[in-house]
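Below: one structure, written as structure tokens.
Every read-out reported here was derived from the displayed coordinates using simple, explicitly stated rules and does not represent laboratory data. Nothing here was measured: the structure is a model prediction, and the numbers come from that model. Note that we place each Cβ from the backbone using ideal geometry, even for glycine, and neighbour counts take in every protein chain shown.
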């Protein structure tokens, strides 16, 4: 992956089968964001900008799961069909794939806890690519998207939330709304496809 010539990178968070309708932890409308997310992917890839995709990649035994004391049902177990990216997601050639949730003692919601195949962490990869602005879409608004955005802001990056390409779990009805408000309050900015003038008409 070449350096970002504009300082921008797209972060696609956890668009995996288990987080989409029919999956072990299916998010209502989770798959409906994919066509819009694909537009962002197309735009960033066409501009030669980094596209980074994260995935939950849990071991079979982890305190993240209910049966071992966690909140969640079993999902996104390493190498399982549910852990695969949704088949409609059009990740480009050269996409950087980072995995998280491998430590059985941690929940690892944030993309900044993810690592590539040789252990490189997201923060170091972004620094090496010259990225100062992260555009974030994916699943879920109230967990992994939120924690990723807040970590980006803590690290001094500009965080843009792709408001038309996120969906939330909503264990409580207002969780996603409150998460979005918190991200904006901390300094993130909301945007949508139409805000990219180059994307209009695509």
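Taking neighbour counts of Cβ atoms within 10 Å as a proxy for exposure, in what order, fewest first, do 125, 11 appear? Mind dumping the intermediate values first?
Numbers: 125 19, 11 29.
Ranked by crowding around the Cβ, least crowded first: 125, 11.
Return the calculated 222 nm mean residue ellipticity for the chain, to the nearest 500 deg cm²/dmol, obtained by summing -39500 (n - 2.57) across DSSP H runs with n ≥ 4 and dividing by the residue count.
Working: 4 runs with 41 residues, N = 202.
Helix contribution divided over all residues of the chain: -6000 deg cm²/dmol.
When only alpha-carbon atoms count, how far does region 68-121 stretch along each of its three principal axes, as whole angstroms with the largest first?
Taking the Cα atoms of region 68-121, the three principal extents are 39, 26, 17 Å.
Where does each of 67-76, 38-47 land if you order them by average Cβ count within 10 Å, highest first? Numbers along the way, then the final one.
On the way: 67-76: 15.0, 38-47: 17.8.
Final packing ranking: 38-47, 67-76.
Using Cα pairs closer than 8 Å and at least 6 residues apart in sequence, work out the relative contact order for the chain, in percent. Write out the running numbers ahead of the final one.
Values: 443 pairs, mean separation 48.2, N = 202.
Relative contact order of the chain: 24 percent.
What's the FRET efficiency of residue 123 with residue 67 using the Cβ-Cβ distance as r and R₀ = 35 Å, to the nearest 0.05? List each step's numbers first, then the result.
Values: r = 32 Å, r/R0 = 0.92.
Result of the calculation: an efficiency of 0.60.
Would you mind telling me the antiparallel percentage of the DSSP bridges in region 103-202, rounded to 5? Present the calculation step by step, with values, prior to reporting the outcome.
Numbers: 1 of 10 bridges.
Rounded to the nearest five, the antiparallel share is 10 percent.
Which value does Rg/Rh take for the chain over its C-alpha atoms, Rh per Kirkwood?
Working: Rg = 15.7 Å, Rh = 16.7 Å.
Taking Rg over the Kirkwood Rh, I get 0.94.
If I take every Cα pair under 8 Å that is 6 or more residues apart in region 1-84, average their sequence separation and divide by the length, what percent do I get for the relative contact order?
Across region 1-84, relative contact order equals 34 percent.
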